[in-house]
Amino acid sequence: MIVFDHASVTYPGGVHALKDISLEIPDGEMMVIVGLSGAGKSTLIRAINGLVPLTDGDVIVDGVSVRKASGDQLRRLRSKIGMIFQTFNLVKRTSVLNNVLMGRLHTTGTARSLFGWYKPADVEIAMQALERVDIVEKAYVRAANLSGGQQQRVGIARALAQEPTIILADEPVASLDPPTSHVVMRDLQRINRDLGITTIVNLHFLDLAKVYCERIIGLRAGELVYDGTGAQADEGVFRDIYGRSLTADDLLEAPSLT
Amino acid sequence: MNGTNNAGPPRESRPRRPSNAKRNVAFIFALLVIVGSVLSVDIKYERLVDLPAGIWLVVYKMYFERGPDLSYLGVSIEHMVQSIEIAWVGTIIGAVLSLPIGFVAAKNVSSGIISNVFRQVLNGIRAFPELVLAVAIFIPIAGLGPVAGALAIGIHSVGTLGKLTAEVVEGIDAGPVEAARASGGRWVQIQRWGVLPQVLPEIVAFWLYRFEINIRAAAVLGVVGAGGIGFIVQQTIVFGRFPLAGTALLVVIIATILVDTVSGWVRRRIIEGVETRRIVDAEIEQPALVDGSAA
Amino acid sequence: MTVAAGAESRRPAKPRPSLAIPIGLVTFAVITWISVSREFGIDLNLGELAENITRGARILVREDTNPADRGLLNPNWVFLTETAEPMLETFAMAVLASVMGCGLALPVSFLVSRVTAPNGLVLSIGRAILSVIRAIPDILYALLFVAAVGVGPLPGILALLFFNIGVTVKLLSETVDGVDPGPIEAGRASGATGMQTTRWAVVPQILPNYVAYSLYVFELNIRASTVLGIVGAGGIGRMLYREYGFFHWSNVSVIIVELFVMVFLIELVSIWLRRRLV
Ligand SMILES: Nc1ncnc2c1ncn2[C@@H]1O[C@H](COP(=O)(O)OP(=O)(O)O)[C@@H](O)[C@H]1O
Ligand SMILES: [Mg+2]
């Protein structure tokens with residue numbers, strides 16, 4: 001379980017990116033965060049694994065305080081949290097398998113990891129992660145030679161290779177075309193259902209959010225302005241989150257607007 | 001695809017690990033060259049034990065025994081100024097000669113055979129260090145002294161500067177050249193108005209960068225009598241006058257860092273964001289390297 | 001108001017030219033004048049130089065009964081056998097210095113790159129030390145090391161080593177500064193240590209540049225190691241300087257041709273390797 005307890009983040013520049021957020025995310029839930037660009041979605045997601053330090057309040061992940069965790073504790077916590085990025089963040093010049101094996105670094109000793117002597121069991125886990133996202137045939141291909149959708153699936157495999165209990169996805173489909181976006185969202189949904197991994201996704205597109213996630217929270221200028229189901233999220237709710245009416249730009253596919 | 005294919009174990013669809021044979025061969029070759037070098041070099045390995053003490057002793061005698069001899073500061077600065085002048089004149093010689101040669105050596109604005117010939121000439125010049133040029137050519141011509149040093153530095157600089165110039169010219173946007181040609185310009189006019197404005201800032205940055213390198217070269221030319229501070233550094237060390245050597249060395253270090261700082265500052269103003277790395281990247285021939293991250 | 005006048009009034013005034021260029025040109029002219037002048041500078045006199053060229057020409061084509069005393073254009077090929085050993089030493093020195101220098105430079109450059117430095121203190125102290133290392137030219141290192149450990153290839157290798165660290169670390173740390181930070185964030189997010197993140201998120205990104213820089217440094221070393229012998233630090237330079245001292249131009253000529261061939265061959269191999277490995 002993830003608990004936000006009056007969590008706030010102020011960046012060094014003085015931007016108040018998260019304001020007094022309190023929130024509970026039970027295990028196994030798939031939750032989406034929507035909000036305008038700059039609303040604080042990325043900040044909220046990075047507060048969970050401590051990539052962005054809190055300036056007030058706390059976030060408790062499986063009983064561990066992110067704010068009070070030491071460097072070592074934080075690394076241990078992060079090893080249980082997989083992360084997926086908008087720009088994939090793959091090392092383009094190395095193989096897909098090497099990228100996925102980055103998810104096993106946390107259990108690999110320093111000397112071993114410097115030379116790339118991963119244990120066979122770790123390689124097996126990485127291969128299985130690639131199989132789960134259906135891209136194992138590219139294991140020895142350079143990541144640079146993959147399409148955007150394929151690269152994001154490798155990104156998911158890297159997160160899966162950590163054998164995480166939580167997956168954080170920061171706008172995982174924002175760099176992809178609509179059909180590929182659906183493939184990636186379906187992968188995430190399947191992983192959430194099959195493996196029971198708590199999955200938290202930032203999405204820009206509302207229709208996609210409503211199709212794939214039971215729970216939606218809305219952020220506006222760092223404040224929590226909505227927390228409910230997709231079904232309840234009607235035009236009025238979106239006006240609250242976005243400060244304006246829904247437009248075609250807020251949707252992945254205009255025709256599927258209900 | 002393999003979601004439906006449940007017959008075989010999942011491993012079947014996994015690719016084979018590609019072989020590393022080529023890399024291993026290169027690796028073994030490199031290893032052989034290294035081992036051969038270790039065996040052939042005539043190092044008295046027992047002397048390695050005394051190495052740290054020996055180095056420390058020199059540093060100690062230069063700076064700590066009685067401190068560097070500051071009465072030598074004036075002489076040192078005088079000689080360092082001469083080194084800077086040698087580097088300055090040498091860089092100008094290099095720049096003036098390399099600019100036309102660089103254009104002629106560029107494939108896109110010159111013709112195939114001519115550019116190839118000039119490229120080889122430039123490569124040939126680069127093969128000889130300044131000291132070799134000074135000893136074998138310019139001291140015999142100009143006699144011992146700073147003029148020989150400046151000429152040696154100048155000619156050596158033509159090699160690198162010409163090559164860099166050619167490479168920058170080859171990287172230009174072809175549009176303006178075509179426009180200048182379409183408007184009926186002559187070759188020289190096309191170069192002057194279509195090409196030069198595109199490449200000049202970068203080339204001037206190369207000149208300044210070369211000046212920074214030439215400072216270092218000019219600081220050692222004195223060991224063969226071609227002027228500058230190298231002469232007194234050598235003499236003081238050879239005759240064991242380490243406090244004097246310490247002062248001279250200090251002057252070299254401070255002057256070089258000063259010149260680097262000023263020249264680097266000017267370079268960055270001339271072209272926003274041009275770093276030495278890009279300049280050296282251009283000097284390293286790297287057709288296979290060109291990719292997003294190197295640019 | 002006439003049309004012409006109206007058009008004229010709409011024309012912008014010619015912008016004041018930036019002061020930077022005239023100031024730069026004047027500075028340039030002054031420094032150049034000082035540098036070439038007889039009183040303050042190196043006394044560069046083009047007329048005198050032109051006269052001296054004839055003196056140089058004599059060295060090119062001189063004839064003599066002793067084959068070693070002929071001109072530069074008359075290489076004394078018999079001398080070739082004597083040069084073999086110091087030439088090999090030159091090559092070996094360059095190889096060893098390159099291997100050690102580039103090997104050391106890789107970890108050091110991670111200490112002095114903004115992206116991978118463990119902390120700000122290491123970064124700024126490391127950079128300061130590095131700029132001092134780079135400010136001392138190779139031959140001066142050689143002089144110091146000869147004073148410290150005596151003549152021979154060892155001081156030469158040490159001199160090249162310092163020279164290499166200066167060059168390679170500067171290039172590499174600037175490359176590291178420019179890597180894509182995305183994979184580093186991914187590494188941190190997965191719970192990897194700083195060293196592991198550097199190994200798997202940074203090293204693969206800079207590897208092609210590292211290979212290219214290493215080969216480049218090797219080429220620099222070949223050229224540098226040919227002259228270290230002038231101050232007693234091993235290699236062919238000692239012999240070159242000796243023959244020059246005896247005015248044995250046709251022997252000097254042989255060494256020059258050899259240097260040229262060696263540098264040329266190594267550049268060919270190095271270009272080929274870069275295409276293969278990168
Ligand atoms: N590293 C940072 N330093 C300073 N301000 C930041 C930083 N990252 C984000 N911000 C600011 O914090 C606010 C929230 O950013 P973010 O969480 O990235 O929003 P979103 O992901 O919803 O677009 C924005 O105003 C942004 O400019
Ligand atoms: Mg964001």
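For this structure, a couple of remarks:
- Of the candidates A:Val184, A:Val173, the single residue that is crowded, with 19+ Cβ neighbours inside 10 Å, of a type in the set (Val, Ile, Thr), within 16 Å of ligand 2 (Cβ to nearest atom) and more than 14 Å from every other protein chain (Cβ to nearest Cβ) is A:Val173.
- One residue from B:Arg126, B:Arg119 being out of contact with any Ser or Thr (no Cβ under 8 Å at 6 or more places or on another chain), surrounded by 15 or more Cβ atoms within 10 Å (Cβ to Cβ) and charged (D, E, K, R): B:Arg119
- Residue check for A:Gln86: within 20 Å of the chain's Cα centre (by Cα) and either within 16 Å of ligand 2 (Cβ to nearest atom) or at pLDDT below 95 (or both): yes
- Residues considered: A:Ser22, A:Ser37. Of these, the only one that is more than 8 Å from chain C (Cβ to nearest Cβ), small (Gly, Ala, Ser) and within 16 Å of ligand 2 (Cβ to nearest atom) is A:Ser37.
- For the range A:12-22, the set of residues classified as closer than 27 Å to A:Pro164 by Cβ and either among the aromatic types (Phe, Trp, Tyr) or surrounded by 17 or more Cβ atoms within 10 Å (Cβ to Cβ) (or both) consists of A:Ala17, A:Leu18, A:Ile21, listed by residue number.
- Unique residue being touching a residue at least 60 places away in the same chain (Cβ under 8 Å) and farther than 28 Å from B:Leu31 by Cα when the list is C:Leu73, C:Leu96: C:Leu73
- Residue count for the range A:192-227 satisfying the condition of being within 14 Å of another protein chain (Cβ to nearest Cβ) and away from ligand 2 (no atom under 15 Å from the Cβ): 1.
- Residue match in the range A:52-62 (condition: within 16 Å of ligand 2 (Cβ to nearest atom) and at negative phi): yes
- Residue in the range B:117-125 that is more than 8 Å from chain C (Cβ to nearest Cβ) and not hydrophobic (A, V, I, L, M, F, W, C) present: yes
- Looking at A:Leu146, A:Leu206, A:Leu160, just one residue is within 16 Å of ligand 1 (Cβ to nearest atom) and either over 22 Å from C:Gly187 (Cβ atoms) or in contact with a Lys or Arg (Cβ under 7 Å, 6 or more places away or on another chain) (or both), and that residue is A:Leu206.
- Pairs with Cβ under 8 Å, 6+ apart, first in the range A:8-22 and closer than 13 Å to A:Thr43 by Cβ, second near ligand 1 (Cβ under 6 Å from one of its atoms) and in a strand (DSSP E or B): A:Val9/A:Ala17; A:Thr10/A:Ala17; A:Tyr11/A:Ala17
- Check on A:Gly28, within 8 Å of ligand 1 (Cβ to nearest atom), within 20 Å of the chain's Cα centre (by Cα) and closer than 29 Å to A:Arg186 by Cα: no
- Options C:Ala224, C:Ala233, C:Ala189, C:Ala212; residue that is buried (at least 20 other Cβ atoms within 10 Å of the Cβ) and touching a strand residue (DSSP E or B) at 6+ places or on another chain (Cβ under 6 Å): C:Ala189
- Pairs with Cβ under 8 Å, 6+ apart, first in the range B:18-31 and surrounded by 11 or more Cβ atoms within 10 Å (Cβ to Cβ), second not aliphatic (A, V, I, L, M): B:Ala26/C:Arg276
- Filter pass, A:Leu51 being more than 20 Å from A:Gly155 (Cα to Cα) and either aliphatic (A, V, I, L, M) or crowded, with 17+ Cβ neighbours inside 10 Å (or both): no
- A:Gly35 meets each of the listed conditions (1) within 16 Å of ligand 1 (Cβ to nearest atom); (2) crowded, with 20+ Cβ neighbours inside 10 Å; (3) within 30 Å of A:Glu137 (Cβ to Cβ) apart from (3).
- Scanning the range C:234-278 for residues that are outside any helix (DSSP H, G or I) and not aromatic (Phe, Trp, Tyr) turns up C:Gly234, C:Gly235, C:Ile236, C:His248, C:Val278.
- Here C:Ile230 clears all of (1) over 24 Å from the mean Cα position of the chain (by Cα); (2) farther than 30 Å from B:Lys22 by Cα; (3) part of a helix (DSSP H, G or I); (4) modelled with pLDDT of 90 or more except the condition numbered (1).
- Hits in the range C:226-275 - residues which are basic (Lys, Arg) and touching a helix residue (DSSP H, G or I) at 6+ places or on another chain (Cβ under 7 Å): C:Arg238, C:Arg274
- The range B:63-92 residues that are over 15 Å from B:Pro146 (Cα atoms) and free of Cβ contacts under 8 Å to residues at least 24 places away in the same chain, paired with ones that are assigned to a helix (DSSP H, G or I) and of a type in the set (A, V, I, L, M) (beta carbon under 9 Å, 6 or more apart): B:Ser71/B:Leu244
- Among the residues of the range B:10-44, just one is more than 9 Å from chain C (Cβ to nearest Cβ), out of contact with any Asp or Glu (no Cβ under 8 Å at 6 or more places or on another chain) and hydroxyl-bearing (Ser, Thr, Tyr), namely B:Ser19.
- Scope the range C:192-206; condition at the interface with another protein chain (Cβ under 7 Å from one of its Cβ atoms) and either buried (at least 24 other Cβ atoms within 10 Å of the Cβ) or part of a helix (DSSP H, G or I) (or both); matching residues: C:Ala192, C:Met195, C:Gln196, C:Arg199, C:Trp200, C:Ala201, C:Pro204, C:Gln205
- Applying the condition of being of a type in the set (S, T, N, Q), in a helix (DSSP H, G or I) and within 13 Å of another protein chain (Cβ to nearest Cβ) to the range A:41-100 and asking which residue is nearest to A:Asp227 (Cα to Cα) yields A:Ser42.
- Of the numbered criteria (1) within 16 Å of ligand 1 (Cβ to nearest atom); (2) facing chain C (nearest Cβ under 8 Å); (3) of a type outside the set (S, T, N, Q), the one A:His106 fails is (1).
- Residue within the range A:95-110 that is surrounded by 17 or more Cβ atoms within 10 Å (Cβ to Cβ), within 16 Å of ligand 2 (Cβ to nearest atom), among the aliphatic types (A, V, I, L, M) and at negative phi present: no
A quick yes/no check of all residues on (1) charged (D, E, K, R); (2) in contact (Cβ under 8 Å) with a residue 40 or more places away in the chain:
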residue: A:Met83; (1), (2): no, yes
residue: A:His106; (1), (2): no, yes
residue: A:Ile125; (1), (2): no, no
residue: A:Ala129; (1), (2): no, no
residue: A:Glu137; (1), (2): yes, no
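- In the range C:126-145, the residues that are in contact with a Phe, Trp or Tyr (Cβ under 7 Å, 6 or more places away or on another chain) and buried (at least 24 other Cβ atoms within 10 Å of the Cβ): C:Asp138, C:Tyr141
- C:Ser98 being more than 11 Å from chain B (Cβ to nearest Cβ), among the hydroxyl-bearing types (Ser, Thr, Tyr), surrounded by 15 or more Cβ atoms within 10 Å (Cβ to Cβ) and in a helix (DSSP H, G or I): no
The values are calculated or read from the model by the stated rules, or taken from the named source; none is laboratory data. Since the model is a prediction, treat every value here as computed from it, not as a measurement. Backbone-built Cβ (ideal geometry, glycine too); neighbour counts: all protein chains shown.
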